[in-house]
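Taken together, the values in this text are just the output of simple stated rules run on the coordinates, not laboratory data. Just so it is clear, the structure is predicted and the values come from calculations on it, not from any experiment. Using ideal geometry, Cβ is built from the backbone for each residue, glycine included, and neighbour counts are taken over all protein chains shown.
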Amino acid sequence: MTKLFPWLLALLMAPALAQDFPSRAIHIVIPYAPGGGSDILARPVAPVMAEQLKQSVVIDNKGGAAGNIGAQQVATAAPDGYTLLLANNSHTINPFIYKTPGYDMAADFAPITLLGTSPVLIVVHKAVPANNLKEFVAWVRANPGKYNFGSPGAGTPGHMANLLFNKQANLRMQHVAYKGTGPTTMALLAKEVEIFFGTPAAVEPHVKSGDFKALAVTSKVRFASFPTVPTVAESGIPELADFSIEIWWGLLAPAKTPTAVLDKLHDAAVRAVNDPKNRERWLAQGMVPTTTSRAEYQTLVRNELKRWEQIVKENKVTVD
């Protein structure tokens, strides 16, 4: 009984906690160094959420271990709504490529809402003799094992997206890992690799200059900034008719956070995403403002875990 008492006490206090929430500053942990896509998305959210909740919302960058250190901090925080995680695709990949990520993505977090998504552009060097995705697939199939794809590192969303693409299109390409998006982009410019699954922000300048050819966008619908670039599903390849991948970012709280607290956080975050200035800013940087119900977000996380577990195991992806 003694061991159960703290949890019973917490359950009894939950209604009062929710009613008074928030009574102090809320911290959003970004599990990466400042300046990346997560910062671009989260920092404009904080002041709008603060205005709605009548309390400060503070951004804390806790980088390290591909996002695992910050995620572990939130997973073990008190379930009171004052410590949140800005998660992304990597948090549904890391549990399968790291021996001890320090958290259970399905069990240790409560979903709040997505904040934004970004399509991925499939780009090739202008010297590649293919002007659309169907021609590229035919070219690679005719030369199995001869060509390379680049990624910002083993286990990154770009790496996993290309592995899934290879599987569905029945392609054999060699993976070359670089240390970040910038070096991967430069590698494609130098023709060290033939293809790169890159974010619009990373590859758009090179597509506009003509150095890269954009063959397809991986989202379910076309991307407004590249209206003439077809989706993968529109590319006329039967094996890829259901292929779609998007980079996503969303807020999570520790598991067992009271529902009423999660609801308040959800409403404030949705209001921040729908702020016209925020939407304009994100769209200009290749991000699509996107919100979900808590249940929809939970379903997304579960589906992502299932998808990436299979791809990791099939390709024996590991990191040191």
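For the chain, the longest principal axis of the Cα atoms and the long axis of helix 259-273 meet at an angle of about 50 degrees.
Within the same chain, lysines fewer than 8 places from LYS264 are excluded, and of the rest, those with a Cα less than 20 Å from its Cα are LYS54, LYS256.
Only beta bridges with both residues in the chain are counted; by DSSP, about 60 percent of them are antiparallel. For the chain, modelled as a GNM whose springs connect Cα atoms under 10 angstrom apart, the maximal fluctuation among LEU189, LEU41, LEU163 occurs at LEU189.
Here r is the Cβ-Cβ distance between ARG222 and ASP20 and R0 is 45 Å; the resulting FRET efficiency, rounded to 0.05, is 0.45.
In the chain, the inverse of the mean reciprocal separation of distinct Cα atoms equals 20.6 Å; this is its Kirkwood hydrodynamic radius. Pairs of lysines in segment 121-240 whose Cα atoms sit within less than 26 Å of one another amount to 28, provided the residues are eight or more positions apart or on different chains.
For the chain, the longest principal axis of the Cα atoms and the long axis of helix 37-53 meet at an angle of about 30 degrees. Of all beta bridges that DSSP places with both ends in segment 121-240, some 55 percent have antiparallel geometry. Taking only the Cα atoms of segment 121-240, the radius of gyration and Dmax are 12.9, 34 Å.
The stretch between ASN170 and GLU314 holds 50.5 nm of extra length on full extension. This uses 0.36 nm per residue minus the Cα-Cα distance. Across all directions, the average projected area of the convex hull around the alpha carbons of segment 64-107 is 3.0 nm². Cα centroid distance between segment 142-205 and segment 28-56, in Å? Measuring centre to centre over Cα atoms gives 30 Å.
Each helix, a run of at least 4 DSSP H residues, gives -39500 (n - 2.57); summed and divided by the residues of the chain, these come to -13000 deg cm²/dmol at 222 nm.
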